[in-house]
Amino acid sequence: MSAADTTTPAKVPPTRPSPPPPTAVTKPPGRPKSAAVATPWLLLAPCLLILALVMGYPLVRLVTLSFQKFGQSQLWGFQPAESVGFANFSNVLDDGEFWQVVVRTIVFAAGCVIFTMVAGMLIALLLQRVSGWVKTLVNIALVASWGMPIIVATTVFKWLFDADYGILNALLSKLPGVDFVGHNWFASGPQGLAVIMLLVVWGAVPFVVITLSAGLTQVPAELEEAARLDGAGPWGVFRYVTLPILKPIIVMLTTLSVIWDMGVFPQVFVMRNGHPEAEFQLLTTYSYDRAFVVNDYAQGSAIALITVVLLLGVVAVYMRQMLKIGEVE
Amino acid sequence: MSSVSSTSGTTDMKGMSALASAPPRKRKLGWNLLGLLVFVTVGFPVYWMLNTAVKPAKDAIDPDPSLLPTGVTLANFRRALAIADFWGPVGRSLIVSLAVVAIGIVVGMLAALAISRFAFRGRKIVIVGILAVQMVPLVAMIIPVFLLLNDLEQYDKLTGLIITYLTFILPFTVWTLRGFIVNIPKELEEAAMVDGCSRTAAFVRVVFPLLAPGMVATSVYGFIQAWNEYLYALMLLSQKHQTATVWLGNFTTKHGTEYAPMMAGSTMMAVPIVVLFLLVQRKMAAGLTAGAVKG
């Protein structure tokens, strides 16, 4: 943590004002006592009210729903929703398919996070070593892919990987001894999910690279030099100097990535034309499927709730990191 | 930012070139080639989208596609505009995104001020709450949100979608603005107050002008997020009232996908957003990391 603190003061603030007015020096800052306890709560009130309506209420409803029987007839109000205790959960947990989906989701998300972080770190380190013009080119490509709406990116990848006219199959088939003509990448779940993983990683890497690059500029050159003089190789310098200093940023990026990648939905949904096959179901699409295709809203809610609970641990790590950093204030 | 990074790269190696294992010039060439490879890989999907959008539709279904543009035509764009109403969805997306940002920035600003400029009991809990809310995956909320809007008779209404989008725009706005506010020294306000300004006047005259660029960047970024949202737009509006992101789905029918017009449609969707993004990206990245590290 102490290493991280050294990076803080050097951060470039976006709107640092020019010289502070000198008048403040003469008198101690007087704060009117009437700035009562109520003011901050008044300022917060609209925000908290809106969040309670659009977030709090649905969250409570999500929990209650998952303990009820709620299908089409309850949706249309023909029948009142009645409580069924833990029936939805036991149904879900007894279902072998559910556990397959859980494992698939975790493997998928872990793959996305690991590839994103490793690729992001490697590209950030590479950017420190290339000439200025190469750096500019890479940055342009990164920002362009970062700015692409997810839906657009998904349709573009669908086109790149199209079985008949996709450029990828055509290029791969040019390699000697390789025949990918007409190869359907989505015929099998694992292969199709690998393509979707590539899409997720492609979209997520720019944020990681740009954040890590900003962090890397804060690593004091003297420290690296000292380590090198003490005989550390490039790996040693990275492992014992760079990595510890970047640790808070890495923890933050990793936890954020886990949360985002566990919540991947549109990529799978659009890639499979709105009807992901069983082999493509992740927790998010599975919950959606239960609710809006099978019309069992209660079971869908139970699955969504389990997803949120699974994520709580990761969120806790993220929050702890944010609060730890926040203590600098 | 970029000028600093070179110090930790190869320039400081010159001083102790005795330690370097390979001649620096050759090594730089290797890194540059690797960098170009990254450029090509990362940039290719974007290039291919633009390439397909402007090439004649028959070249798009060539089994041996040419990597270079084969000719420039606007036919795909015309087809994209004809396939389904384009301006209606764009108009709806505009209304929703602008309304969400307008509400978000006003409400978010007040909340950001409260948690960054006031010390009060429960402040930490509020901060934790806002951070936590941001972490709940949107997908998990779709069922209760759908039922809520159904109950409020807001299903298939733009107002319903606007309210729903506040779930992710509002926490984001509060958190980002807070990042910008904590970077403005408190002493500036205090000085103004010593000089006889009220707290409100000190804010309006001193803090607000300094905050304006951050507010613009936050608004633009929030606009982009709202514009790009897909799941809620798909679920909470009927086909008749679809927004721009859902509009892109019209290119896939039972008879297959019209890829060249779809890429033209993608281009029309992406280019304005990427340009907006380019304008604010630097500022946002600075604001986000500064906020993250400053707490």
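The numbers here are math on the coordinates, done by the rules we state, and not lab data. Small disclaimer: the values here were computed from a predicted structure and weren't measured. All Cβ positions, even for glycine, are placed from backbone atoms using ideal geometry, and neighbour counts span all protein chains on display.
Return P(r) of the range A:58-113 (all Cα-Cα pairs; 5 Å bins starting at 0; whole %; ordered from short to long distances).
All Cα pairs considered, the percentages come to 4, 17, 16, 18, 17, 14, 8, 5, 2, 0.
Excluding A:Leu43 itself, what net charge comes from residues whose Cβ is under 14 Å from its Cβ, given Lys and Arg +1 and Asp and Glu -1?
Working: positive: B:Arg117, B:Arg123, B:Arg178, B:Arg199; negative: none.
Net of charged neighbours comes to +4.
Summing +1 for each Lys or Arg and -1 for each Asp or Glu, what net charge is found among the other residues whose Cβ lies under 15 Å from the Cβ of A:Asp179?
Numbers: positive: A:Lys174; negative: A:Asp164, B:Asp64.
Summing Lys and Arg as +1 and Asp and Glu as -1 gives -1.
Please return the longest range in chain A lying between exposed loop sites, taking chymotrypsin sites (Phe, Trp or Tyr not before Pro), DSSP loop only, at most 15 other beta-carbon atoms within 10 Å, and leaving the sites out. List each step's numbers first, then the result.
Working: sites that count: A:Trp76, A:Phe78, A:Phe86.
Result, exposed sites excluded: A:87-329.
Connecting C-alpha atoms closer than 10 Å in a GNM of chain B, tell me which of B:Val128, B:Val145, B:Val54 has the biggest fluctuation.
B:Val128
Taking springs between alpha-carbon atoms closer than 10 angstrom, which of A:Leu243, A:Leu49, A:Leu216 fluctuates most in the Gaussian network model of chain A?
Evaluated over chain A, the most mobile residue of the options is A:Leu49.
Can you give the FRET efficiency for B:Ile125 and A:Leu53, using 1/(1 + (r/R0)^6), R0 = 22 Å, r = Cβ-Cβ distance, to the nearest 0.05?
Details: r = 19 Å, r/R0 = 0.87.
That gives a FRET efficiency of 0.70.
Please report, to two decimal places, log10 I(q)/I(0) for the range B:95-240 at q = 0.11, 0.16, 0.17, 0.20 Å⁻¹ as given by the Debye formula with identical point scatterers on the Cα atoms and no solvent.
One equal scatterer on each Cα of the range B:95-240 leads to -0.49, -0.88, -0.96, -1.18.
Per residue of the range A:64-75, what does 6.51 cos²θ - 1.76 cosθ + 1.60 with θ = phi - 60° give for ³J(HN,Hα)? Whole Hz please, x for Gly and Pro, Karplus curve as stated.
5, 4, 6, 10, 10, 9, 9, x, 4, 5, 6, 4
Once you have the alpha carbon radius of gyration of the range B:90-137, what is it after dividing by 2.2 N^0.38 Å, with N set to its residue count?
On the way: Rg = 14.1 Å, N = 48, 2.2 N^0.38 = 9.6 Å.
Rounded to two decimals, the normalised Rg is 1.48.
Please identify, among B:Ala140, B:Ala114, B:Ala217, the residue showing maximal mean-square fluctuation in a Gaussian network model of chain B using a 10 angstrom Cα cutoff.
So, out of B:Ala140, B:Ala114, B:Ala217, the one fluctuating most is B:Ala140.
Looking at B:Val136, B:Tyr155, B:Ser93, which one has the Cα that reaches farthest to the positive end of the dipole of the range B:88-203 (charges on Cβ: Lys, Arg +1; Asp, Glu -1)?
Most positive-ward Cα: B:Val136.
How charged is the neighbourhood of B:Tyr259? Take every other residue with its Cβ under 15 Å from the Cβ of B:Tyr259, and add Lys/Arg as +1 and Asp/Glu as -1.
Values: positive: A:Lys158, B:Lys55, B:Lys58, B:Arg79; negative: A:Asp162, A:Asp164, B:Asp59, B:Asp62, B:Glu258.
Local charge sum for B:Tyr259: -1.
Pairwise over distinct Cα atoms, reciprocal of the mean inverse distance: report the Kirkwood radius of the range B:166-247 in Å, one decimal place.
15.1 Å
Run the Debye formula on the Cα coordinates of the range B:57-97, all scatterers equal and no solvent, and tell me log10 I(q)/I(0) at q = 0.17, 0.20, 0.26, 0.27 1/Å.
Listed by q, the Debye log ratios stand at -0.64, -0.72, -0.89, -0.92.
Under 15 Å from the Cα of B:Lys55, which aspartates and glutamates turn up, not counting those fewer than eight places away in the same chain?
B:Asp64, B:Glu258
Neighbouring Cβ atoms within 10 Å as the yardstick, rank B:Met235, B:Met49 fewest first. Intermediate values should be presented prior to the final figure.
Working: B:Met235 19, B:Met49 24.
Sorted ascending by nearby Cβ count, the order is B:Met235, B:Met49.
Based on DSSP H assignment, which helices of chain B show an axial Cα extent of at least 15 Å together with a mean Kyte-Doolittle hydropathy greater than or equal to 0.5?
Working: long enough: B:24-54 (42 Å, 0.66); B:87-117 (43 Å, 1.74); B:123-135 (19 Å, 1.64); B:138-151 (19 Å, 2.18); B:158-181 (32 Å, 1.54); B:208-228 (29 Å, 0.89); B:259-294 (47 Å, 1.16).
Correct list, ordered by number: B:24-54, B:87-117, B:123-135, B:138-151, B:158-181, B:208-228, B:259-294.
Please work out, to two decimal places, the log10 of the ratio I(q)/I(0) at q = 0.11, 0.12 Å⁻¹ from a Debye calculation in which every Cα of the protein assembly as shown carries one identical scatterer.
One equal scatterer on each Cα of the protein assembly as shown leads to -1.19, -1.38.
Using helices alone, what [θ] at 222 nm do you get for chain B, with -39,500 (n - 2.57) per DSSP H run of 4 or more residues, divided over all residues and rounded to the nearest 500? Walk me through the numbers on the way to the answer.
Working: 14 runs with 213 residues, N = 295.
It lands at -23500 deg cm²/dmol.
Can you give the convex hull volume per residue for the Cα atoms of the range A:119-206, as a whole number of Å³? Display every interim value, and only then the final one.
Numbers: hull volume 11.1 nm³, N = 88.
Enclosed volume per residue, from the Cα hull, is 127 Å³.
Starting from the Cα of A:Ile106, step 7 Å toward the Cβ, then list every residue of the range A:245-259 with an amide N under 16 Å from that point.
A:258-259
Could you give me the ³J(HN,Hα) list for the range A:141-158, computed from phi with Karplus coefficients 6.51, -1.76, 1.60 and θ = phi - 60°, whole Hz, x at Gly and Pro?
4, 5, 5, 5, 6, 5, x, 4, x, 4, 5, 5, 4, 5, 5, 5, 5, 4
Rounded to the nearest 500, what is the 222 nm mean residue ellipticity of chain A from helices alone, with -39500 (n - 2.57) per DSSP H run of 4+ residues and division by all residues? Could the numbers behind the result be given before it?
Details: 16 runs with 213 residues, N = 329.
After summing the helix terms and dividing by the residues of chain A, the value is -20500 deg cm²/dmol.
Once the Cα gyration tensor of chain B is found, what semi-axes does its equivalent ellipsoid get, as square roots of 5 times the eigenvalues, in whole Å, sorted largest first? Walk me through the numbers on the way to the answer.
Numbers: eigenvalues 308, 248, 53 Å².
Semi-axes from the Cα gyration tensor: 39, 35, 16 Å.
With all pairs of different alpha carbon atoms counted, what Kirkwood hydrodynamic radius in Å does the range A:185-328 show?
Details: mean 1/r = 0.0551 Å⁻¹.
The Cα-based Kirkwood calculation yields 18.2 Å.
Can you give the mean number of other chain Cβ atoms that lie within 10 Å of the Cβ atoms in peptide B:28-40? Write out the running numbers ahead of the final one.
On the way: counts 4, 1, 2, 8, 8, 2, 6, 11, 4, 2, 13, 10, 3.
Mean number of neighbouring Cβ atoms from other chains: 6.
I need the Kirkwood Rh of the range A:153-247: take the reciprocal of the average 1/r across all distinct C-alpha pairs and report it in angstrom.
On the way: mean 1/r = 0.0596 Å⁻¹.
For the range A:153-247, inverting the mean 1/r across all distinct Cα pairs yields 16.8 Å.
So if R0 is 51 Å, what FRET efficiency would A:Trp41 and A:Ser83 give, r being the distance between their Cβ atoms, rounded to the nearest 0.05? Could you put the intermediate results ahead of the total?
On the way: r = 36 Å, r/R0 = 0.70.
So the FRET efficiency works out to roughly 0.90.
With the Cα gyration tensor of chain A in hand, convert its eigenvalues to equivalent ellipsoid semi-axes via √(5λ) and list them largest first in whole Å. Intermediate values should be presented prior to the final figure.
Details: eigenvalues 335, 245, 67 Å².
Working through the eigenvalues yields semi-axes of 41, 35, 18 Å.
For B:206-219, what's the mean count of beta carbons from other chains sitting within 10 Å of each residue's beta carbon?
Details: counts 2, 2, 0, 2, 4, 2, 1, 2, 2, 0, 0, 1, 0, 0.
Mean shielding count: 1.
Counting alpha carbon pairs within less than 8 Å and at least 6 residues apart, what relative contact order, in whole percent, applies to the range B:165-257?
Once normalised by length, the contact order is 27 percent.
Let me confirm one metric for peptide B:256-263, namely the mean number of other chain beta-carbon atoms within 10 Å of its residues' beta-carbons.
On the way: counts 1, 6, 0, 8, 2, 0, 5, 4.
Mean inter-chain Cβ contacts per residue within 10 Å come to 3.
Return a whole-number percent for the relative contact order of chain A, with Cα pairs under 8 Å and 6 or more residues apart as the contact set.
Working: 282 pairs, mean separation 86.3, N = 329.
For chain A, the relative contact order is 26 percent.
In angstroms, what radius of gyration and Dmax does the range B:160-213 have, counting Cα atoms only?
Just the Cα atoms of the range B:160-213 yield Rg and Dmax of 14.7, 47 Å.
Calculate the all-directions average of the projected area of the range A:102-149's alpha-carbon convex hull, and give it in nm². Before the final figure, lay out the partial values.
Values: hull surface 15.9 nm².
Projected over every direction and averaged, the Cα hull of the range A:102-149 covers 4.0 nm².
Pull out the extension gain between B:Leu29 and B:Asp85, defined as 0.36 nm times the separation in residues minus the alpha carbon to alpha carbon distance; nm, one decimal. Before the final figure, lay out the partial values.
On the way: separation 56, 0.36 × 56 = 20.16 nm, distance 5.06 nm.
Additional length available on full extension: 15.1 nm.
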